[in-house]
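The values are calculated or read from the model by the stated rules, or taken from the named source; none is laboratory data. Keep in mind that what you see is a predicted model, and the values were worked out from it rather than measured. Note that we place each Cβ from the backbone using ideal geometry, even for glycine, and neighbour counts take in every protein chain shown.
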Amino acid sequence: MSGVAAVPKIELRGVKKRFGDKIVLDGVDLAIQPGHSQVVIGGSGTGKSVMIKCVLGILRPEEGQIFVDGQEVTHLKGSARDTVLKKFGMLFQGAALFDSLPVWENVAFGLIQGRGVSRARARDIAIEKLAKVGLGSDVAMLSPAELSGGMQKRVGLARAIAADPEIIFFDEPTTGLDPIMADVINDLIVSTVKDLGVTTLSITHDMVSARKISDHIAMLYKGRIVWAGPTAEIDSSESALVDQFIHGRAQGPIKMEVRA
Amino acid sequence: MNVFAAIGRVTLGFFRETGRVSLFAGDSVSAVARPPVYWWLIAQQLMRIGYFSLPVVGLTAFFTGGVLALQIYIGGNRYGAESIVPQIVALGITRELGPVIAGLMVAGRVAAAIAAEIGTMRVTEQIDALTTLSTNPIKYLVVPRLVAAVISMPILVAIADSIGIFGGYVVGTASLGFNGSIYLKNTVDFVTRQDVTSGLIKAAVFGFIIALMGCFNGFNSKGGAQGVGAATTNAVVSASILILAANYILTSLLFSR
Ligand SMILES: Nc1ncnc2c1ncn2[C@@H]1O[C@H](COP(=O)(O)OP(=O)(O)O)[C@@H](O)[C@H]1O
Ligand SMILES: [Mg+2]
């Protein structure tokens, strides 16, 4: 990297988002440099998913600014938003596969609908991407409902990388998987990211996964980033909040709010 | 407990919902004309909304026509006016009962199915996924259903009209002693073009209401399975109420002198 003041790939400045009276994001500041693998950790319901949906424009923040490659995207709509979205691939928490379409069409969806690639060609690309995530062409014709959770995540990953994005978001990539399948998915993320040279933002509350797939970690707590730094430094963060979270202690400054 | 506060809250909530539905309807209608047009999805929805509703609509229309003939006969009997049965059956079916019965049956079948499908897509983030794949969910999900419902309903009602009149004919000839050819002649001579077209116009409006309420409630469902269940119920209830209200307004507009 050039060293001097590289433009962050993604930057959030003072992003605030509320639902009714409930403040979910209360001024989030976060910058992700090109090529970095950023993980944001935080308890369930702290607003991690809301944060990435704000970046994608699925949700609109009330305040603050969001930049992608130095361009402000906070209020973009229509075709300007589409142009920005073409830089992104997203793996949703529950994979969010379209259950009305076979696996290959799920993977090829963005190519066919978003970029006007012919079906025949999109299908070849889909099968190639499925191979990248370790799935044979035999699953291409199956319906998503016929797949296990781990396989659905793989298909979701294939869909996220299908259009060669520059940035990939992973929403809880290992949640709901058994430890072995979780590790398989972690490995897959690490190898695809290395392969494609993309910038990634992952959110998780699984510390094993966070350490494995990140080079930088930030912690979201009460609507703000309370700590951010290289993954190697997380054990010496000197933040009581981070320490409590990474060691999974019930006692400490973080009080579980029973009401979400 | 403050009664006024409660009334105020309900009233505000009502206007807020009305506003949101209107905005959603505006977005959807303006998306109809803009490319891309998903022809295949429209065809698919025509099958689901139109073709698969045929048995339900046909059966209810048949029994409605039959019972109408019976009641008119009994009522007319008091004035010695039993012979009016074919005319009133035809009028009642084409103007009111054909569109309304078909509308309510399709509301139960289709608005529920649309709300459940789109609601599930909402809570499993499939709608968000569409957005990230550069596909406008309104165009991809709402427009095909709206277009298909607006096309299907008049066709369904035209069929319901014929079957309803046939139901009256069966009852009239089999148990009320009407002569078959006279029954048919009276029907054909009496029914005007306006009776039929007014019913078909109503049908198109009802189709719009059904698809709109299904899509709106599905899009706005939250939570898990429970949220989808609530969306489904709301879709059917709101579509049914709106159909009956719109029917009154349309009748007064179409038959005002
Ligand atoms: N569309 C929405 N409407 C209302 N509340 C929402 C919506 N999306 C998220 N929330 C609320 O925001 C909070 C944060 O949610 P989320 O970002 O999904 O948490 P997590 O950190 O587990 O990903 C939750 O309390 C949730 O109920
Ligand atoms: Mg989440």
Can you tell me which residue within the stretch B:1-36, out of those that are basic (K, R) and assigned to a helix (DSSP H, G or I), is nearest to B:I209 (Cα to Cα)? B:R20
Scope the stretch A:78-103; condition under 23 Å from B:V123 (Cα atoms) and away from every other protein chain (no Cβ under 11 Å); matching residues: A:P102, A:V103
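Can you name the residue in the stretch A:2-23 that is among the β-branched types (V, I, T) and surrounded by fewer than 22 Cβ atoms within 10 Å (Cβ to Cβ) and, of all such residues, is farthest from A:S214 (Cα to Cα)?
In the first step, residues of the stretch A:2-23 are kept if they are among the β-branched types (V, I, T); the result is A:4, A:7, A:10, A:15, A:23.
Next cut, surrounded by fewer than 22 Cβ atoms within 10 Å (Cβ to Cβ) only: A:4, A:7, A:23.
Values: A:V4: 23, A:V7: 20, A:I23: 28 Å.
The residue in question is A:I23.
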Of all the helices (runs of 4 or more DSSP H) wholly in the stretch A:169-260, which have at least 3 residues that are away from ligand 2 (no atom under 16 Å from the Cβ), modelled with pLDDT of 90 or more and not aromatic (F, W, Y)? A:179-196, A:207-213
Report yes if A:E11 is away from chain B (no Cβ under 14 Å) and in contact (Cβ under 8 Å) with a residue 24 or more places away in the chain, otherwise no. yes
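Conditions tested, residue by residue: (1) of a type in the set (A, V, I, L, M, F, W, C); (2) in contact with a Phe, Trp or Tyr (Cβ under 7 Å, 6 or more places away or on another chain); (3) more than 16 Å from ligand 2 (Cβ to nearest atom).
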| site | (1), (2), (3) |
| --- | --- |
| A:R13 | no, no, yes |
| A:K22 | no, no, no |
| A:G27 | no, no, yes |
| A:G35 | no, no, yes |
| A:V39 | yes, no, no |
| A:C54 | yes, no, no |
| A:G57 | no, no, yes |
| A:G70 | no, no, yes |
| A:D82 | no, no, yes |
Scan the stretch A:155-173 and report the pairs whose first residue is on the phi > 0 side of the Ramachandran plot and whose second residue is in a loop (DSSP other than H, G, I, E, B) and within 16 Å of ligand 1 (Cβ to nearest atom), with Cβ atoms within less than 7 Å and a gap of 6+ or a chain change. A:E172/A:Q93
Surrounded by fewer than 16 Cβ atoms within 10 Å (Cβ to Cβ), at pLDDT 90 or above, away from ligand 2 (no atom under 16 Å from the Cβ) and over 18 Å from the mean Cα position of the chain (by Cα), is that true of A:D124? yes
Whether any residue in the stretch B:167-182 is under 30 Å from B:M121 (Cα atoms) and either touching a residue at least 40 places away in the same chain (Cβ under 8 Å) or in a helix (DSSP H, G or I) (or both) is what I want to check. no
Among the residues of the stretch B:118-140, are any in a helix (DSSP H, G or I), more than 14 Å from chain A (Cβ to nearest Cβ) and either in contact with a Leu (Cβ under 6 Å, 6 or more places away or on another chain) or acidic (D, E) (or both)? no
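For the stretch B:37-105, which fully contained helices (runs of 4 or more DSSP H) count at least 3 residues that are buried (at least 19 other Cβ atoms within 10 Å of the Cβ)? Give the derivation first.
Numbers: elements: B:39-45, B:54-77, B:85-92.
Filter on the stretch B:37-105 gives B:54-77, B:85-92.
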What residue, of A:R119, A:R115, is in contact (Cβ under 8 Å) with a residue 24 or more places away in the chain, within 14 Å of another protein chain (Cβ to nearest Cβ) and surrounded by fewer than 24 Cβ atoms within 10 Å (Cβ to Cβ)? A:R115
Test: residue in the stretch B:9-17 that is exposed (fewer than 14 other Cβ atoms within 10 Å of the Cβ), out of contact with any strand residue (DSSP E or B) (no Cβ under 7 Å at 6 or more places or on another chain) and at pLDDT 90 or above: no
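Please determine whether any residue of the stretch A:146-156 is among the acidic types (D, E), closer than 19 Å to A:V40 by Cα, in a helix (DSSP H, G or I) and more than 13 Å from chain B (Cβ to nearest Cβ).
Taking the stretch A:146-156 and keeping what is among the acidic types (D, E), we get A:146.
So of that shortlist, the ones also closer than 19 Å to A:V40 by Cα come out as none.
No.
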Do we find that A:S37 is polar (S, T, N, Q), at negative phi and within 14 Å of chain B (Cβ to nearest Cβ) in this structure? no
Looking only at the stretch A:41-52, count how many residues are more than 9 Å from ligand 2 (Cβ to nearest atom), within 18 Å of A:R18 (Cβ to Cβ) and either of a type in the set (A, V, I, L, M) or without any contact (Cβ under 8 Å) to a residue 60 or more places away in the chain (or both). 1
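Condition test on B:P144, is it in a helix (DSSP H, G or I) and within 14 Å of another protein chain (Cβ to nearest Cβ)? Walk me through it before giving the result.
Values: in a helix (DSSP H, G or I): yes; within 14 Å of another protein chain (Cβ to nearest Cβ): yes.
Against the criterion (in a helix (DSSP H, G or I) and within 14 Å of another protein chain (Cβ to nearest Cβ)), B:P144 qualifies.
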Just one of the numbered conditions (1) part of a helix (DSSP H, G or I); (2) of a type outside the set (F, W, Y); (3) surrounded by fewer than 19 Cβ atoms within 10 Å (Cβ to Cβ) is not true of A:G134; which one? (1)
